[in-house]
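Student: Quick one: this structure, given as structure tokens, is what I'll be asking you about.
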Amino acid sequence: MMKEDNIIVCRCEDVTLKDIRELIKRGYTNIEEIKRITRCGMGPCQGKNCGQIILREISMITGIPVEKLTLQRYRPPFGGIKFSEVLGENNDEK
Amino acid sequence: MMKNKASIVIIGGGVIGCSAAYNLSKRGLKDIVLVEKKFLASGATGRCGAGIRQQWGTRQNCFLAKKSMEIFENFRDYVDTKIDIELKQKGYLLLAYSDKEVDQFEKNIFIQHEYGIPSRILEPEESLEIVPFLNIEKLKAAAFCPTDGHANPFHVTAAYAEAAKKNGVTILKDTEVLGINKSKGRITGVETSKGLIETEKVLNAAGSWAREIGKMAGLDLPVFSERHEILVTEPVNSILDPMVMSFSYNIYCQQSPHGSFIMGYGPENEGHNHRINSSCNFLENMSKKATWLLPPLKKLRIVRQWAGSYNISPDKQPIVCESEELAGFYMAIGFSGHGFMLSPAIGIYLTDLILKEEPPFDITVDLGRFERRETISEPSVV
Amino acid sequence: MIETDILVVGGGPAGISAALACGRNNIKTVLIEERDFLGGQLIKQTHRFFGSKEERAGSRGIRIAEDLMNEIKKNKNIDLYLDARALGYYEEEKIFTVLQNGRMLKFSPRKLIIATGAFEKSLSFENNDLPGIYGAGAVQTLMNIYGVKPAERVLMIGSGNIGLIVSYQLIQAGVQVVGVIEAAPEIGGYAVHASKIRRLGVPLYTSHTIKKAIGNEFVTGAEIIELDRNWNEIKGTEKKIDCDCICLSVGLSPLVDILSQSGCEMVYIPELGGEVPVRNENMQTSIDNIYVAGDLAGIEEATAAMLEGELAGLCAANTFINDVKQDERIEKIKNNLEVLRSGPKGSKIRSGLNKLIKGETFFQGGRNTGSEIEAFKKTGIPSGENLRSILPDEKRINETPFALIECFQEIPCDPCVNNCPFGAITEGTDINNLPKIDYSKCTGCGSCISRCPGLAIFLINKNYSENTSTVSMPYEMLPVPQKGEIVDVLDREGKKIVSGKVVKVLKNEKMDKTNVISVEIPKEFFNVARNIRLVK
Ligand SMILES: Cc1cc2nc3c(=O)[nH]c(=O)nc-3n(C[C@H](O)[C@H](O)[C@H](O)COP(=O)(O)OP(=O)(O)OC[C@H]3O[C@@H](n4cnc5c(N)ncnc54)[C@H](O)[C@@H]3O)c2cc1C
Ligand code: SF4
Ligand code: SF4
């Protein structure tokens, strides 16, 4: 048996393969749904790494090919930006 | 399996639809089908600030908010769920920048106290005890209610939905309502992307698409949708207890238990449409506003921005009733920026409405109020 | 707000080529790159390129990058922003935001060309968060950019070209590669790349996967397991391999965040690496003013990326200049791309593009089955039959020195053809064909040896002396042996067969670090000896 709880899917939020599989089995079969409930992929990487794995898991458990699943959405600003940088105040005081 | 017969079809898997489904099923209604075109909380619910405020200016809102907060406080028992809704009750700090606003807050607090809402007025300096790094320049006074707060909207919706499922409700995700069939002035069924569901009752809880659902039934519902943008930062140690909010400076900002800051403001000159793209303008304005009011935020990293739709009625207050033109067509729409916080009480109210029992509370939320010119004048809305 | 005609995002081969295509046509162009240097993946590619002469095949990626960078810097129409990270595109306001030097810059481009490349796929297996597990890209960056040796004993997961090349580079850096694992039944990358590491003694496990990483605080080993035809684990075939680093090279995914966020229509096409933008033949997406090029439009390789970059650049530029001359060049590039993708190794990308590009079928032709032989695809080691098929007749073998081309898989590559001064090597019209030698023309000059990116050409002098032959072979390890030195002579699997004497060392600028070593061995080994190892 694979030790699913030793397999980390999202490093940003410490979500394991076991967490993901349980959610899918509970009926959460949309990647956006899973991301929101677990915060998996809600860190600065926006799910670039875990997204693929989640899609594959959904496909494996539901039997729907990945091509037919809804893909994840990305949102700006990529990689994050500080408020001071938005405002053009690059004197990072303190 | 597609369910093809229902006692009621609930359109919309947002917090309102799911709260209604749960409450109806808890009271014993069978064969409930909830239809959601994408996934649960994919609309306004999953995009919202998720604040829960009891500091309102009308009796009815004070009542609904207080009632809802009591349910949020006991959510595990009330909804019989293991899901943690991440309720944080560290208050709402409302900022007043004019004498008129201070006046209004005082009037509101008078009403709030009637309902046992523990709010109070603070001098600018006193508000520093609650948020030490608040910029109190130009601040006249603040109102504070320590039991206000916020919760995780996905978890609340999921908890309602899972409990409803346990009670036998069928939830169809990825299923879009395409039409509503009528015959001889009565509803006969709902046409969906996955087939027809026969029913005599429909609950329109389609959030920003409420008007379109109305049209499918031949009704002209007086609501429109408007984009509201929002952003979130990286998580950091807890430094901000309450939700900080101002109607006149136009901002709300909170720190979630997870550590990220979530903030937004009400837009100006937005069209009435379903746009939910993000704008650069919002990013810049929000940055200016937030860092002026809460200067230490400057060093924080914004990680995502997005937008959702407010569904807005002429008096910016919800419409929760059965249509007078079409029997069996119920609606819970037009929640503007406060549908999440009112969802527990609205779910209960809807249940009695649909089961044709005495309304559990005396509130005016029907569609007829606009014709009767009895609109609700709530002074404290974003 | 910074106004520009064209904004190119990403300074890899695709982005650079796109910017140059615009800049050369006097169009105001901005090129932004997240890192503080241009070149993208090219910088890490110290190996020689496959492809045709026109696309600079036979040169090393890093050299191609240098030339392109110089041209970018010289071109007055191109404003280069390094250390500049794309934040997002706001389609409604037509604003593209970029973070540079702690400031958000706002660009308002008339056309956007997105060429952000790809990122490495990850793999879920037990203990996959142990320190010592790296992506191949990270390992390459450590070695080739920072000159750091990443570990002592590396297990490579994945035998695509990247996995094979990085394994080779690791060995060049003095690291032991304890094995290459491949889940598919055959090698993913070019077989000639596999042959190179096989000659260095690296075992290759096809139809195998990693089950778990072993170790408490850091990696000390890995457990691998064999897979059956249906990719299921075969119980009882678990093996433990000692290593201090597990290097993942299980494929790339297009980096489509900006496109997806901008609202471009996206589709999932496994053959192209996952989620890709829908686009037309001119590299234009569903949003009229957004073009794409390179790996983010579908995982391929640098030659295709450069062609696509130029294509996207010209098509975007031509919306302003409407120059017929450009139309000709555009057709030429499309044609070159088609040729590049027409061989058996291009069948995956062809099938992906056919799904992607709407309307008429993009590729009509193209061959799917090459003449490669099963065993070679599995092991990277040519079979007896392979070898017999290329040997000249007995008479020619015994006459004068002759070249032997051990290239048995149809790939889009032809430097050998272009570099034989006597025109002895031909491929016919299709760059994917296997090279053929006309032994009546081959003089045994040996020029071809160092030009082959697959290190697949050897020169045999059967009758060097009465009892000995010499084999001249390409050698890219350091240190370079001295003339007269006695070395271990290895076979195609890296096993020692005999000791031999180095009789000649050819080394010059033009050969760019692919030296040619001639070693003297007993005659019976002339068709076995294919590598050497220095004896300390
Ligand atoms: C930026 C922002 C901040 C907010 N902040 C707060 C706050 O702090 N506190 C608060 O209480 N409220 C807040 N709100 C308001 C709150 O989010 C809403 O009032 C509430 O979520 C409404 O819930 P709902 O279930 O009616 O609508 P929704 O959550 O929008 O649910 C409607 C559902 O119906 C589905 N649907 C639509 N058409 C169809 C169809 N044809 N067939 C099937 N399904 C369909 C949609 O996909 C959607 O999931 C905020 C809103 C926004 C946008
Ligand atoms: S050895 Fe010289 S003549 Fe023979 S094929 Fe090679 S380059 Fe041509
Ligand atoms: S022999 Fe020719 S075709 Fe084969 S890899 Fe070498 S250069 Fe390319």
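Student: C:Ile299 - would you say it is within 12 Å of chain A (Cβ to nearest Cβ), in contact (Cβ under 8 Å) with a residue 60 or more places away in the chain and not small (Gly, Ala, Ser)? Before the answer, list the steps.
Tutor: Working: within 12 Å of chain A (Cβ to nearest Cβ): no; in contact (Cβ under 8 Å) with a residue 60 or more places away in the chain: yes; not small (Gly, Ala, Ser): yes.
No; evaluated as a whole, the condition is false for this residue.
Student: Could you list all residues from region C:450-465 that are modelled with pLDDT of 95 or more and near ligand 2 (Cβ under 9 Å from one of its atoms)?
Tutor: Selection gives C:Ile457, C:Leu459.
Student: Evaluate region A:42-57: report whether one residue or more is facing chain C (nearest Cβ under 9 Å), among the aliphatic types (A, V, I, L, M) and surrounded by fewer than 18 Cβ atoms within 10 Å (Cβ to Cβ).
Tutor: no
Student: With region C:74-123 as the region, which strands (runs of 3 or more DSSP E) entirely inside it contain at least 2 residues that are among the aromatic types (Phe, Trp, Tyr) and assigned by TED's automatic domain parsing to the domain that holds C:Cys264? Step through it out loud before you land on a result.
Tutor: On the way: elements: C:78-81, C:84-90, C:95-100, C:103-114, C:118-120.
It comes to C:84-90.
Student: Helices (runs of 4 or more DSSP H) wholly in chain A with at least 2 residues that are touching a strand residue (DSSP E or B) at 6+ places or on another chain (Cβ under 7 Å) - which ones?
Tutor: Ranges flagged: A:17-25, A:50-62, A:83-86.
Student: Identify, please: which residue in region B:227-260 is more than 24 Å from B:Ala141 (Cβ to Cβ) and not in a loop (DSSP other than H, G, I, E, B) and is, among those, farthest from the chain's Cα centre (by Cα)?
Tutor: The qualifying residue farthest from the chain's Cα centre (by Cα) is B:Thr233.
Student: Here is a follow-up. Which condition from (1) closer than 15 Å to B:Asp241 by Cα; (2) not assigned by TED's automatic domain parsing to the domain that holds B:Cys253 is the one that B:Ala164 breaks?
Tutor: (1)
Student: Please enumerate the residues belonging to region B:65-98 that are touching a strand residue (DSSP E or B) at 6+ places or on another chain (Cβ under 9 Å) and over 18 Å from B:Ile52 (Cα atoms).
Tutor: Those that are touching a strand residue (DSSP E or B) at 6+ places or on another chain (Cβ under 9 Å) and over 18 Å from B:Ile52 (Cα atoms): B:Ala96, B:Tyr97.
Student: For region A:9-51, which positions are under 21 Å from C:Glu233 (Cβ atoms) and at pLDDT below 85?
Tutor: The one that is under 21 Å from C:Glu233 (Cβ atoms) and at pLDDT below 85: A:Val9.
Student: Working carefully through the options C:Ser124, C:Ser108, C:Ser159, find the one that is hydroxyl-bearing (Ser, Thr, Tyr), facing another protein chain (nearest Cβ under 10 Å) and either surrounded by fewer than 23 Cβ atoms within 10 Å (Cβ to Cβ) or within 30 Å of C:Ser249 (Cβ to Cβ) (or both).
Tutor: C:Ser124
Student: Quick check: is even one residue across region B:343-358 crowded, with 20+ Cβ neighbours inside 10 Å, over 26 Å from B:Asp31 (Cα atoms) and more than 16 Å from ligand 2 (Cβ to nearest atom)?
Tutor: No.
Student: Filter region C:223-245 down to the residues that are assigned to a strand (DSSP E or B) and within 14 Å of chain A (Cβ to nearest Cβ), then identify the one that is surrounded by the most Cβ atoms within 10 Å (Cβ to Cβ).
Tutor: C:Ile225
Student: Please count how many residues of region C:418-437 are of a type in the set (Ser, Thr, Tyr) and surrounded by 14 or more Cβ atoms within 10 Å (Cβ to Cβ).
Tutor: Number of matching residues: 1.
Student: Also: Say we look at region C:403-417 and pick out the residues that are hydrophobic (A, V, I, L, M, F, W, C) and near ligand 3 (Cβ under 6 Å from one of its atoms); which of these is nearest to the other protein chains (Cβ to nearest Cβ)? I'd like the intermediate steps shown before the answer.
Tutor: Within region C:403-417, the first condition is being hydrophobic (A, V, I, L, M, F, W, C), and the residues that meet it are C:403-405, C:407-408, C:411, C:413, C:416-417.
From what's left, near ligand 3 (Cβ under 6 Å from one of its atoms): C:405, C:407, C:413, C:416.
Values: C:Ile405: 39, C:Cys407: 34, C:Cys413: 31, C:Cys416: 38 Å.
Going through the qualifying residues, I end up with C:Cys413.
Conditions (1) over 20 Å from the mean Cα position of the chain (by Cα); (2) more than 30 Å from C:Thr514 (Cβ to Cβ); (3) at pLDDT below 95, marked per residue:
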residue	(1), (2), (3)
C:Arg35	yes, no, yes
C:Gly40	no, no, yes
C:Phe50	no, no, yes
C:Ile62	no, no, yes
C:Asp67	no, no, yes
C:Asn77	yes, yes, no
C:Tyr81	yes, yes, no
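Student: Separate question: Examine region C:418-431 for a residue that is near ligand 3 (Cβ under 9 Å from one of its atoms), more than 14 Å from chain A (Cβ to nearest Cβ) and in contact with a Ser or Thr (Cβ under 7 Å, 6 or more places away or on another chain), and state whether such a residue exists.
Tutor: Looking for residues that are near ligand 3 (Cβ under 9 Å from one of its atoms), more than 14 Å from chain A (Cβ to nearest Cβ) and in contact with a Ser or Thr (Cβ under 7 Å, 6 or more places away or on another chain), one finds at least one in region C:418-431, hence yes.
The values are calculated or read from the model by the stated rules, or taken from the named source; none is laboratory data. Because the structure is a prediction, the values reported are computed rather than measured. With ideal geometry, Cβ positions are generated from the backbone for all residues, glycine too; neighbour counts draw on all protein chains shown.
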